[in-house]
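The next block holds one structure in the form of structure tokens; read it before the comments.
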Amino acid sequence: MKEKLLQSDSHVENYKKEREEKNEKLTQKEEEITNQFKTLEGLKEQIVKIESKKTKIEQDIEQIVNELWEEYELTPNTAEGYRRPSNMMEASKQVQELKTAIHELGSVNMDSIGEYKKTKERYDFMCEQRLDLDNTAGKLRKVIAEMTENMKTQFKEKFQVINHNFNEVFKELFGGGKAELILEDESNLLECGIDIQVQPPGKKLQNMMLLSGGEKAFTAIALLFAILKINPAPFCILDEIEAALDDVNVYRYAEYLKKFSKETQFLVISHRKGTMEAADTVYGITMEEKGISKLLSIKL
């Protein structure tokens, strides 16, 4: 029995030691678990911090992307094509200068895009119209130049004929002498003046303006008939063009008028007897009673 008790005590002691060992191991495990929990809590705290930092970074990235678009109208993909400035200070200075210049431009008019489109369409339309006008003006200038050349050629030809006729008619009316039309500037036929040089019989060659009143009128009559000889008109009215002539020249004028009447019918207003004697029919106005006019005609 005693042996059993001794054995039991021995077993008890063993169990105590074993329990103590197990308690120690359990305590160690509990400490390890506690340390692991602490580590896990620390990792969780770090994860929370990292998530918070990640969120802030994402917000910063989003803000940078928005600012990139708002400020420069660039996306991250398109921004990759731009090189990083070698001198950041100089680049920042240029950016600030550009921002100041943009700010000085004033507020942006959102309707300006539509206004620009309308203005651009009108500008293009006006440019087309101007081009058409330029082409038309060029054609007109070409036509005017051709017409001017034709007019110069025709004027030169007709002027020579009139000059020849003027000399012939002058000689016939004055009974001699000579007359000539002279262009003051032959290089400018259509705009230059014309000098009339005449030499009545027994006088020296001189300008028409130096003649007497009757000689001027007779010279003008000669020039009139010289022009009519080129292309005789079917009908012509002469209103006392021979009023300044003396009687001898009136008869010369009347005889030449009668000769020229084969091609042109003349209606002559005159009070000179020489002219009326050469007429085929004479019409006159008389007033036999006061306030009553009467037409008389005489066929010669």
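The values are calculated or read from the model by the stated rules, or taken from the named source; none is laboratory data. Only a predicted model underlies this, so the values are computations on that prediction, with no experimental measurement involved. Here the Cβ positions follow ideal geometry from the backbone for every residue, glycine too, while neighbour counts run over all protein chains shown.
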Quiz item: Mind checking which residues of the range 250-266 are touching a Gly at 6+ places or on another chain (Cβ under 9 Å) and in contact (Cβ under 8 Å) with a residue 60 or more places away in the chain?
Solution: Arg252, Tyr253
Self-check item: Count of residues meeting criterion [over 19 Å from Gly175 (Cβ atoms), polar (S, T, N, Q) and at pLDDT 85 or above] in the range 216-241
Solution: 0
Practice problem: With the condition kept exactly as written, say whether any residue in the range 270-288 is under 59 Å from the mean Cα position of the chain (by Cα) and either of a type in the set (A, V, I, L, M, F, W, C) or over 18 Å from Phe174 (Cα atoms) (or both). | Solution: yes
Quiz item: Hey, Ile182 hits all of (1) buried (at least 18 other Cβ atoms within 10 Å of the Cβ); (2) β-branched (Val, Ile, Thr); (3) outside any helix (DSSP H, G or I) but one; which does it fall short on?
Solution: (1)
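Residue by residue, here is whether (1) part of a loop (DSSP other than H, G, I, E, B); (2) free of Cβ contacts under 8 Å to residues at least 60 places away in the same chain holds:
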{"position": "Asn135", "(1), (2)": "no, yes"}
{"position": "Ala145", "(1), (2)": "no, yes"}
{"position": "Phe166", "(1), (2)": "no, no"}
{"position": "Val169", "(1), (2)": "no, no"}
{"position": "Gly176", "(1), (2)": "yes, yes"}
{"position": "Cys192", "(1), (2)": "yes, yes"}
{"position": "Gln197", "(1), (2)": "no, yes"}
{"position": "Pro201", "(1), (2)": "yes, yes"}
Quiz item: If you take the residues in the range 283-300 that are in contact (Cβ under 8 Å) with a residue 12 or more places away in the chain and among the aliphatic types (A, V, I, L, M), which one is surrounded by the most Cβ atoms within 10 Å (Cβ to Cβ)?
Solution: Ile298
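Taking the criterion of being among the hydrophobic types (A, V, I, L, M, F, W, C), surrounded by fewer than 16 Cβ atoms within 10 Å (Cβ to Cβ) and either over 24 Å from Leu181 (Cβ atoms) or in contact (Cβ under 8 Å) with a residue 40 or more places away in the chain (or both), would at least one residue in the range 267-275 satisfy it? Steps first, answer last, please.
Step one: list which residues in the range 267-275 are among the hydrophobic types (A, V, I, L, M, F, W, C), which gives 267-269.
Still in the list and also surrounded by fewer than 16 Cβ atoms within 10 Å (Cβ to Cβ): 267, 269.
Cutting the leftovers down to either over 24 Å from Leu181 (Cβ atoms) or in contact (Cβ under 8 Å) with a residue 40 or more places away in the chain (or both) gives us 267, 269.
Yes, the range 267-275 contains at least one residue that is among the hydrophobic types (A, V, I, L, M, F, W, C), surrounded by fewer than 16 Cβ atoms within 10 Å (Cβ to Cβ) and either over 24 Å from Leu181 (Cβ atoms) or in contact (Cβ under 8 Å) with a residue 40 or more places away in the chain (or both).
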Exercise. From Asp247, Asp280, grab the single residue that is surrounded by fewer than 16 Cβ atoms within 10 Å (Cβ to Cβ), touching a Gly at 6+ places or on another chain (Cβ under 8 Å) and not assigned by TED's automatic domain parsing to the domain that holds Glu168.
Key: Asp247
